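Accompanying notes for the structure given below.
Quick note: the coordinates plus some simple rules give every number you see, no bench work behind them. Just so it is clear, the model here is predicted, and its values are computed rather than measured. FYI the Cβ positions are ideal-geometry reconstructions off the backbone, even for glycines, and counts take in every protein chain you see.
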Amino acid sequence: MKKYLILLLVLCFAALPALADTDRVVDEANLLSHFEENVLQEKIDKITALYDMDVAIVTKDGIGYRSINIYAADYFEAAGYGVGPTKDGLIFLIDMNNRDYFTATHGKAITVFTDWGLDNIHNRIVSDLSYGNYYEAFDRYLSYVEQYLQDYQQNGTIHDYGRQTRTLDPKERFLSMVPIIFIVSFAVALIVSFSLKRQLKTVRQQQNATSYIQRGSFYLSRSQDIYLYTRTTRRKIETNTGSSVGRGGSSTFRSSSGGSFGGRGGKF
């Protein structure tokens, strides 16, 4: 009996690393309470179950010499994240030492979460990160991730540069149509006004006053043209010195082991 008990304990301790790998909220910088970690973990479990997409949130006090994108990609691989044969998933990592954040995407996540899409998500949470509202930032991050995945699963929508779409509610749809309605109404009113004006005109504009002079009542003895001045107008013609043109899709990079990842990041 004692041997079986020892064997059971050995198996339990051996299973601990594997169980630890299932954690998708790894708060090494101690930014969250245990309750907040559990809430975020439950939200991630729901996302993974509904959309077959792994999501992880990792906080670090420092990441050493590696750039944050490589560190995030290496962490993703080392922890065994990813769903399915192509290891679909993404990891959001923040480095408190350098105040950096980065989302690394892998597998199908590279397609769903484009550069433009990730920038859009990050821009909506960076203020919370800056003010130390870490739980709020992570919670909103997961909400946007879920929305992107839902849009992709339901109708194939990818939030990307030049093709970002969103279903508007009736109020938003009406407000968005107000400028168009105004412009169309103004154009119609202008056309009708000009049409009526042309119908009411009984005389035409004359180029000179001779039509209004009675014959024999006026005699011009001398005619002369006097040059007064010349006006010169100069306008600077702008030259195109290059501009940033939006580009869709996802840029990619390689992890230390050679895995292909997409992703975007910044500072907070």
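Details
- Charge context of Thr86, other residues only, Cβ under 14 angstrom, K/R +1, D/E -1: -2
- If you take the Cα centroid of region 132-159 and the Cα centroid of region 59-98, the two points sit 19 Å apart.
- In Å, descending, principal axis extents of the Cα set of region 24-167: 39, 33, 30
- Among Lys43, Lys267, Lys87, the ranking by other beta carbons within 10 Å of each residue's beta carbon, starting with the fewest, stands as Lys267, Lys87, Lys43.
- For a straight C-alpha distance cut-off of 15 angstrom, the aspartates and glutamates reachable from Lys87 (same-chain residues fewer than eight places away being disregarded) are Asp21, Asp52, Asp54, Asp74, Glu77.
- Highest average packing first - 96-104, 151-159, Cβ atoms within 10 Å: 96-104, 151-159
- Among beta bridges from DSSP that stay inside region 24-167, the antiparallel ones total about 45%.
- Arg254, Arg140 arranged by Cβ crowding within 10 Å, fewest neighbours leading: Arg254, Arg140
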